[in-house]
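Each value in this text was obtained by applying a stated rule to the coordinates, not by laboratory testing. Computed from a prediction, not measured in an experiment: that's the story for all the values here. Virtual Cβ from ideal backbone geometry, glycine too; neighbours counted across all protein chains shown.
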Amino acid sequence: MKQASTCLQVPPVARPSSTAVAPRRAWKGLPPLALAAILMLVCGCATTWQPGADTSADALRARAVTASAQDVRVSAAVLSADDSRRMLGADIPATGVQPVWIEVQNGSRRALWLLRAGVDPDYFSPLEVAWSLHAKLAGDRNAKIDDWFRAQEFTNPILPGETRSGVVFTNPQPKTRVLNVDLVASGLLIPFSLFLPVPGSEADDIIAKLSGLYTEAQVTDYQDAGALREVLERLPCCASDARGAPSGEPLNLVVVGELSDLGAAVSRRGFRRNTMQLDDAQRLYGRRPDIVLRKYAQGGAPPTWVRAWLAPLRFQGRPVFVAQVGRPRGGRFVADDDAAQKLHPDVDEARSLIIEDMLYSGGFAQLGFVEGVGATPASAARVTAQGASWYTDGLRAVAFMATRPLGLSDVEILDWAPYLQRRESDAAARIKATEH
Amino acid sequence: MATVISRRRTTILAGALLALAVVGCASTGRQAEAPTDYMSRLSTLEDGKVRVSVAALSAEEGNAAYGVDLADKGIQPVWVEVDNHQDRAYWLLPAGLDPNYFPASEAAEAFAPDASKGSDELAQRFQSLAFQNPAPPGKTSGFILVHRDEGVKIVHIDLVATGDARSFSFLVLVPGFRADYAVNDVFRREVYPSSDVVDYTDSDAFRKALETLPCCVSNEKGSKTGDPLNLVIVGGLDDAFPALVRRGWRPTEATWSGSVLKMMTSALKHDRYPYAPVSNLYVYGRRQDLALQKARDNVHQRNHLRLWLTPMRYEGKQVWVGQISRDIGTRLTIHSKTLTTHKIDPDVDEARRALLEDVAYSQSLASFGFVKGIGETPATSPRGNLTNDPWYTDGQRVVLVFDEHPSALTDIKVLPWEEIRGHVTGPVAEGESP
């Protein structure tokens, strides 16, 4: 199967690498016909597709993760290589596509529509995946492959009283797939967030991990926004290193809300879970980040990361995550490997990137800013244990997540640290300087 | 030459005026462009006490403003000025112009990878040229760096304050390039005499009119039909096109030899090449009025749509009929003059569904529905497009109605028209529950 996958035209996992943006074209000078000949050779390879032996979803249903709300039940599971061979006739996960089986039981009285762009903004169509298995001059066989994949697809709508299931072909997430399912009807949204184990990778039960971090006695639940603000201002400025020295990257974001709310909001904007070795250097509460997200949308997206720790705090019963937002130096213009990734010094810019993403995903109900990182001008930049310098206005953004996506005009910007006003005086000074 | 237009305007007139203003300035030719000419072709819109002016820079202008070859990296500066006479500061969302825009520091790094310190001259220059949030009362201006568009650019500005969002949308031409729009009159003058324009206010009558639209595109002579017209967009520069831009849809470059050559090479090396050309298709005896595409990871995965303005209006809004398909790979064909064309997903309903689900997240979709008009074409007896790609469909076209006021997913209304039952023409899924 491995051999077959090298012939496939399905692209590798989308990476925020330099190839996405105006890549250097060393082969620029090749004449078109020579290139065409190479193309023919590349496409001409045979595939090893066989009709799936068993399309029953029983095995998936048995291990599926399930959630219910408003008379609707959603179950989902990520297909393993074996599931994929059995149901789809080929090892699709090996081609850089993650097939996710979804079942919706609609006990409501409305016809529902599942928005696949919310599952993955860059999902693959079934025939796109099937096409990658086509062979040259094998029309009948290719048509059979198409039919097979099409039959496995999740289709809309889900009528009242109906149970519908099928596969959505997504870009891969390692270990745990954060699955955002937005079901809509006229004037209605029923959102679900499921955390699906990815077969073939080490067990990573993020929910169990988070719920086992603190005892009830260790957690303080704040009812008053003012009290919460004070606590957030007293949090350490930065993560520490493995020895406990506070020389890590700044903690410039706080998220108030369920993990599922955060997961849904970031999934809609192309963030996926992905922990790299370099993340291990950042410690808070004496441990590595609980969850790391990286943006991987459309090849050309800014490669922002979010490293989050569950705090021993709650606000009106909702969990509080303390996080770092940053992006690597070089951005999309350097290679995507561990060694090359070093924090870009302008951490406020990365903070703005995620705020804008969340505003468009409808993820925020309220947004505020608190002091706590400590204003650090570029002329007196601080340096991490890894040798990355950084500077900031000293504020951390505090995002109160919305369970139901909101419109841009519904977001309330809290009157805490005067972010906009503070920036106003900067802007005035800047304008003055420009005029001068 | 600046054009100031009240926010409360008729879309058609504004579109025509705005484009006239832009085209008038843009027609001076590539060589004649002075580096700062963009300041003389600002387009301006006003909403209440907030006025926004923009200009998209040509490659030469951008390079002159920044002193480095931005165009070579696929980066284009857009000049934005916010003249804010409200009592509050606004946050401008650059991701509304381009979901994958370049922060100033990242763009600077493209030219000096080691420019990581704030004191670095290049990084500082990029920062000082950048539009800096927020936009307090008074004037705030600067550049936003986005992916380069050749020919035409849809510039969409979202300003957010607490409980207050304001949107401004512009169609601006980029001097010095040919594009589908540049040779097309749709934004320059009225395509239809006013006596031909019918404004529908009754939903049922509108639905019936949509059903009578032609089933498919044709070739230039009108002697052969091709892809199905499976898409209707209700809206224009203020709502529909900004929604598409927010989701990463961008105008195409015209089909010309340089572009085809670029795509040939792109097809061989999984590059993301957003300007792969589209072939011309015809409705109403004319080629597409606009073509948009959404590049995904590379040229193999490029969804494209073509639109034609109809003589219909719905509640005063422009109505466009269109064709959308999903490319699933580039292949060589002898049927297209440009040789390289795209293998399309034969299940054209899939691309239609994908667009609907994509724009559901645009914050501007007000309602959607389905109408008949293509004719059911089962997978067992598919029809062919002009390059002999097969296609099949349940025969319906999706109707997307946009509104300029930002709306959440929960606000989207479903028009009670045709019912969609999934794969009405396809095989029944095995192992699927009843």
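Structure summary
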{"item": "R0 of 35 Å, Cβ-Cβ distance B:Tyr192-B:Lys224: FRET efficiency to nearest 0.05", "result": "0.85"}
{"item": "Percent breakdown of C-alpha pair distances by 10 Å bin, ordered from the shortest bin, for the stretch A:206-435", "result": "8, 33, 39, 18, 3, 0"}
{"item": "A:Asp348, A:Asp221, B:Asp87, B:Asp227 arranged by Cβ crowding within 10 Å, fewest neighbours leading", "result": "B:Asp87, A:Asp221, A:Asp348, B:Asp227"}
{"item": "Karplus-derived HN-Hα couplings along the stretch B:93-101 (A = 6.51, B = -1.76, C = 1.60, θ = phi - 60°), whole Hz, x at Gly and Pro", "result": "9, x, 5, x, 6, 6, x, 10, 5"}
{"item": "Packing rank of A:108-114, B:393-399, where each peptide gets the mean count of other beta carbons within 10 Å, highest leading", "result": "B:393-399, A:108-114"}
{"item": "Within 10 Å of each Cβ in B:89-101, the average number of Cβ atoms from other chains", "result": "6"}
{"item": "Filter on A:Lys175/B:Lys294; A:Lys295/B:Lys73; A:Lys295/B:Lys372; B:Lys139/B:Lys294; A:Lys295/B:Lys153; B:Lys49/B:Lys294 - keep pairs with C-alpha separation over 32 Å", "result": "A:Lys295/B:Lys372; B:Lys139/B:Lys294; B:Lys49/B:Lys294"}
{"item": "Neighbour-count order for B:Lys73, B:Lys139, A:Lys295, fewest beta carbons within 10 angstrom listed first", "result": "B:Lys139, B:Lys73, A:Lys295"}
{"item": "Test item: B:402-413 mean partner chain Cβ contacts at 10 Å", "result": "6"}
{"item": "Gyration tensor (alpha-carbon) shape descriptor, the stretch A:95-199, a/c threshold 1.5", "result": "oblate"}
{"item": "Fewest-first ranking of B:Glu357, B:Glu106, using other Cβ atoms within 10 Å as the exposure measure", "result": "B:Glu357, B:Glu106"}
{"item": "For residues of A:139-149, the mean tally of beta carbons on other chains within 10 Å", "result": "2"}
